[in-house]
Amino acid sequence: MEEIVLLGVSASPRKEANSLFLLDRAIAGAKDVCGDALRVERFSFYQKRMSPCIQCYRCDKTKGECVVQDDFRALRDAWLSADIVLYSVPVWHLSFPSQLKAFFDRLGQSLSKRYVRERRGEQALHLKVVGSIAQGMDIFSGQERALLDLMDHAVLQNCLPISGETYIGVGGWTQRSRGPSRIEELAVAGEEIAEFSVAAAGSLGRRCAQLARILRAGFLAEEEWMRADPAYRPVLERLARESGGTDGCA
């Protein structure tokens, strides 16, 4: 089986977090599908610095390299290399945390300069499989809104959002507790909604891994004609990195 690279992103700024727990359950689901062929990279926003985009447009002159020096580049590089990206986020003001939004702003701005469009209106195709998890203190505290925002970003980057076996992603809640291990505690205690969130996270990981394998097979089968279309450059670069070769695409 071809290697599949999964990037798991915990957007919580806390060291111990419910977001990490649900992310681990999703990664376990992906491992059920790919086994040893799954390479997992993790990025936690704990003790990371992610400055906002300041619209300086200096990435116009640096071929998409952001000039702000912080933890952006490490996450950007991991994002570019991944076949699957799993986001697990706490809900802040009905969406995901501002630190992740800062990364998204800078990612979109810099990638638009890294992959110069050959034809007006055409964007680079990243075609990653993206799964999203959101957890909050209440059962109705913005999880679906946060998941929709994450889905919007995936579509904007020409990726493929997937829901697993739930509607638009996985939602969890802590029953108004701020405890960093609350969802795990509730699931162990047999609380029905927490158990469902854990099961849904596993399903999300499995579905992401299955689709990534299907896409990988298609990429390899159709690689020759893809090389003639500059829009597929991100995909070809990803395949080349994993094979240790060069992308051969200008």
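Restricting to the range 83-100, name every residue that is within 23 Å of A212 (Cβ to Cβ) and assigned to a loop (DSSP other than H, G, I, E, B).
If the condition is that a residue be within 23 Å of A212 (Cβ to Cβ) and assigned to a loop (DSSP other than H, G, I, E, B), then D83, F96 are the ones that fit.
Restricting the search to the range 101-116, which residues are part of a helix (DSSP H, G or I) and either more than 13 Å from F72 (Cα to Cα) or in contact with a Leu (Cβ under 9 Å, 6 or more places away or on another chain) (or both)?
Result: F103, F104, L107, G108, L111, S112, K113, R114.
Condition check ((1) under 18 Å from L20 (Cβ atoms); (2) surrounded by 14 or more Cβ atoms within 10 Å (Cβ to Cβ); (3) in contact with a Gly (Cβ under 8 Å, 6 or more places away or on another chain); (4) among the hydroxyl-bearing types (S, T, Y)) across all residues:
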| residue | (1), (2), (3), (4) |
| --- | --- |
| E184 | yes, yes, no, no |
| A187 | yes, yes, no, no |
| F196 | no, yes, no, no |
| A200 | yes, yes, yes, no |
| C208 | yes, yes, yes, no |
| L211 | no, yes, no, no |
| R216 | no, yes, no, no |
| P234 | no, yes, no, no |
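If you scan the range 121-166, which residues turn out to be assigned to a loop (DSSP other than H, G, I, E, B), in contact (Cβ under 8 Å) with a residue 40 or more places away in the chain and hydroxyl-bearing (S, T, Y)?
Result: S141, S163.
Any idea how many residues of the range 173-194 are out of contact with any Leu (no Cβ under 6 Å at 6 or more places or on another chain), within 18 Å of P90 (Cα to Cα) and among the small types (G, A, S)?
Number satisfying all stated conditions: 4.
Among the numbered criteria (1) surrounded by 15 or more Cβ atoms within 10 Å (Cβ to Cβ); (2) not in a loop (DSSP other than H, G, I, E, B), which one does C53 miss?
The number of the failed condition is (2).
Please state which of the following conditions L156 fails to meet, knowing it meets all the rest: (1) crowded, with 20+ Cβ neighbours inside 10 Å; (2) out of contact with any strand residue (DSSP E or B) (no Cβ under 9 Å at 6 or more places or on another chain); (3) of a type in the set (A, V, I, L, M, F, W, C).
(1)
Return a yes/no flag: does the range 213-221 have any residue that is modelled with pLDDT under 95, within 11 Å of I4 (Cα to Cα) and within 19 Å of the chain's Cα centre (by Cα).
No, there is no match, as no residue in the range 213-221 is modelled with pLDDT under 95, within 11 Å of I4 (Cα to Cα) and within 19 Å of the chain's Cα centre (by Cα).
Here are some residues: L204, L220, L186, L211. Which one is closer than 19 Å to D83 by Cα, out of contact with any strand residue (DSSP E or B) (no Cβ under 6 Å at 6 or more places or on another chain) and not small (G, A, S)?
L220
Out of (1) more than 19 Å from G169 (Cα to Cα); (2) buried (at least 22 other Cβ atoms within 10 Å of the Cβ), the odd one out for E41 is which?
Result: E41 fails condition (2) only.
Return only the number of the condition from (1) at pLDDT below 95; (2) crowded, with 21+ Cβ neighbours inside 10 Å; (3) within 25 Å of C56 (Cα to Cα) that G164 does not satisfy.
Checking G164 against (1) at pLDDT below 95; (2) crowded, with 21+ Cβ neighbours inside 10 Å; (3) within 25 Å of C56 (Cα to Cα), the one that fails is (3).
Residues that are charged (D, E, K, R) and under 30 Å from D138 (Cα atoms): list the helices (runs of 4 or more DSSP H) wholly contained in the range 180-250 that include at least 1 such residues.
The qualifying helices (runs of 4 or more DSSP H) are 182-188, 192-221.
Would you point out which residue out of G164, G142 is in contact with a helix residue (DSSP H, G or I) (Cβ under 8 Å, 6 or more places away or on another chain) and at positive phi?
The conditions single out G164.
Only one of D32, D77, D36 is in a helix (DSSP H, G or I), acidic (D, E) and under 14 Å from the mean Cα position of the chain (by Cα). Can you tell me which?
Result: D77 is the single residue among D32, D77, D36 that is in a helix (DSSP H, G or I), acidic (D, E) and under 14 Å from the mean Cα position of the chain (by Cα).
The values are calculated or read from the model by the stated rules, or taken from the named source; none is laboratory data. The model shown is predicted, which means the values in this text are computed figures rather than measured ones. Note: ideal-geometry Cβ built from the backbone for every residue, glycine included; neighbour counts use all protein chains shown.
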